[in-house]
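Right, one structure below, let's go through it.
Please treat every number below as a calculation from the coordinates, not as lab data. Because the structure is predicted, anything quoted here is derived from the model rather than measured. Methodologically, a virtual Cβ is constructed for each residue, glycine included, from the backbone with ideal geometry; neighbour enumeration extends over all protein chains shown.
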Amino acid sequence: MTTAETISRPTIRQTQCFIGGEWIPAQSGKTFDTHHPATGEVIAAVAEGDVGDVDAAVEAARKAFDEGPWRTMDARERGRIMYRLADLIEAEFDELAALETLDNGKPISDSLAADLPLTIDCLRYYAGYADKIHGQTIPVNGNFFTYTKKEPVGVVGQIIPWNFPMLMVAWKWGPALAAGCTIVMKPAEQTPLTCLRMARLAQKAGIPDGVINIVPGYGPTAGAAIVAHPGVDKVAFTGEYKTAQIIMAEAAPTLKRLTFELGGKSPNIVFNDADLDAAAAGSHFALYFNQGQCCCAGSRLFVQEDIHDQFVEKLVNMNNDRVLGDPFSTATEQGPQVDQAQFDKIMDYIEIGKSEGAQCLTGGTADDAGNLYVKPTLFDGVTDEMKIATDEIFGPVLSILTFKDTEELIQRANNTFYGLAAAVWSRDIGKAHYVADRVRAGTVWVNCYDVFDAAAPFGGFKMSGLGRELGQEGLNNYLETKTVTVALD
Ligand code: ADP
């Protein structure tokens, strides 16, 4: 039997802006506090970047792109440096996992089992791509030789959220670095610390100064300055669709290339012929993992009518057994929500669910394990038009909807402006593929959930996103195609 232990807290080392290879305070001298969500204590004062800091970061990134060695060095060497970064992260595995848990509040067992390994794997995957980016020769009419080259898109602005801080750095840096781009990144104001630590490791790995620049700060100031800056060629953003709408409008004057990875209200569909134990465990994980703070959370659980009662009983039992507690204890399965605003929003939705007439089977209140804890909440009897069935809650609140037959189910599953992910649980392989074909979502999991791989594209249909991250598609977003035509006589 393994016993719970408490992992020790990490040392905080980097809190300033990282621009042109230097650690510097914000030009204004201002800082903002980042907190440990479980206790509310301030863990660091971090430089609060704004327009002037973004200007300096873009200038450094522009110089590194236009004059520096990163895009022009042997591609294999670029890959080697990226592998070294992955190795350095691996060498600080426990320390970085603890730093993630400190800043975000996620259980240490999740940081160790998910965030760190996926981060390292993603960087290695894209390191391998650095020397495998090539164009085509094209048989055009006439006596010409035409070929295409794939070139880096330039300086990229990358704005990331707080739910998987390190992993989002890897998803953004991996393809950008492999392509030969240079970067101005803004981490989320709730969780800047692992991003800053990774910048230090990138420098140690040999990534030239100016290739990666970090400006911590707030969205409407530092984030907006990145989006508006004419020296930035592309913006990659992960966050809420409402923020993406602002970014799209603000990026219009400079016609930036945009990629978005946004929210969801993903249907998780359980047919009566599924392995119900596996489906129940998978459905619990699909929603409650990471405190429900996942863009692809399986938040609309469609259960076929005739298995409803036995299936719900399993879910109730799992919720009752879920261990809430100190994120630094290895026994903890659920930590606090990331901040007061998120906590308040979730509690509001719980009240809305109750007032809409959904039956609250578990949870429905805060938990006294510490600051900002929400009991795993399960609503049954949810109908399609209830707000808890239409809105992304981003917390540990699961809605159960029942269905009778497949065609009705497909229509209801697609009745949302989101389209990020979906899952189907069934032993009937034909039916599972049929539903996978009909559901309008960027990812469909069959008899599993949240299976991520750096090689597999991820992103949304409809208002869940624009473009794909990961895999070769993720890399393509960081490349421009250049066509060269040579007269042969
Ligand atoms: P969340 O609700 O998950 O925090 P947001 O979309 O608000 O999602 O935030 C995701 C990221 O976008 C954060 O880094 C945030 O600071 C940034 N952000 C917020 N507003 C803007 C904006 N107007 N322009 C650019 N970035 C923004």
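Across the chain, the volume of the C-alpha convex hull divided among the residues equals 155 Å³ per residue. How far is helix 93-104 tilted, in degrees, relative to the longest principal axis of the Cα atoms in the chain, given as a value from 0 to 90 rounded to the nearest 10? Rounded to the nearest ten degrees, it is 70. Taking each residue as 0.36 nm, the span from residue 356 to residue 11 lengthens on full extension beyond its C-alpha to C-alpha distance by 119.6 nm.
For the residue pairs 106/234; 172/234; 265/462; 186/234; 106/375, the C-alpha atoms sit more than 20 angstrom apart in 106/234. Taking a sphere under 11 Å around the Cβ of residue 229 and counting the other residues whose Cβ falls inside, with K and R at +1 and D and E at -1, yields a net charge of -2.
Electrostatic bookkeeping for residue 370 treats Lys and Arg as +1 and Asp and Glu as -1; over the other residues with beta carbon under 12 Å from its beta carbon, the sum is -4. Our summary gives region 307-398 a relative contact order of 26 percent, counting only alpha carbon pairs under 8 angstrom and 6 or more residues apart. Taking the longest Cα principal axis of the chain as reference, the axis of helix 165-179 is set at about 30 degrees.
Around the amide H of residue 447, modelled in the peptide plane, lie the amide H atoms of 424, 425, 426, all under 5 Å away and 5 or more residues distant in sequence or on another chain. Per-residue Cβ neighbour counts within 10 Å put 125, 288 in the sequence 125, 288, beginning with the fewest.
Under a model in which nothing but the beta-carbon of Lys, Arg (+1) and Asp, Glu (-1) is charged, the chain shows a dipole of about 1480 debye around its Cα centre. In percent, rounded to a whole number, the relative contact order of region 1-76 is 24, using alpha-carbon pairs under 8 Å and six or more apart.
Ignoring aspartates and glutamates fewer than eight residues from residue 132 along the same chain, the ones with Cα atoms less than 17 angstrom from its Cα are 74, 77, 151, 473, 480. Between the residues 104, 193, 182, the greatest Cα displacement towards the positive end of the dipole of region 81-198, with unit charges on the Cβ of Lys, Arg, Asp and Glu, is found for 182.
For region 1-96, the square roots of the Cα gyration tensor eigenvalues, ordered a ≥ b ≥ c, give a/c of at least 1.5 with a/b no greater than b/c, which places it in the oblate category.
Choose one of 290, 166, 129: the residue whose Cα lies farthest towards the positive end of the charge dipole of the chain (beta-carbon charges +1 Lys, Arg; -1 Asp, Glu; about the Cα centre). Checking the options against the dipole of the chain, the answer is 129.
3J(HN,Hα) couplings calculated from phi for region 200-206 with the Karplus curve 6.51 cos²θ - 1.76 cosθ + 1.60 (θ = phi - 60°) are, in sequence order, 4, 5, 5, 5, 4, 6, x Hz; Gly and Pro show x. Helical content alone sets the calculated 222 nm signal of the chain at -11000 deg cm²/dmol, taking -39,500 (n - 2.57) per DSSP H segment of four or more residues and averaging over every residue.
Restriction of the trypsin sites (Lys or Arg not before Pro) in region 47-118 to DSSP coil positions whose beta-carbon has at most 13 other beta-carbons within 10 angstrom yields no sites. In this rough spin-label picture, where each label sits 7 Å from Cα along the Cβ direction, the residue 405-residue 489 distance is 6.9 nm. Of all segments of the chain bounded by GluC sites (Glu not before Pro) found in a DSSP loop with no more than 13 other C-beta atoms within 10 Å, the longest spans 68-384.
Using 0.36 nm per residue of separation minus the Cα-Cα distance, give me the extension gain between residue 90 and residue 440 in nm, one decimal. Mind dumping the intermediate values first?
Details: separation 350, 0.36 × 350 = 126.00 nm, distance 3.71 nm.
Stretched out fully, the residue 90 to residue 440 stretch lengthens by 122.3 nm.
Averaging the Cα positions of each part gives two centres, and for region 1-58 and region 139-199 these lie 22 Å apart. Its Cα centre serving as origin, region 231-350 has a Cβ charge dipole (Lys and Arg +1, Asp and Glu -1) of approximately 700 debye.
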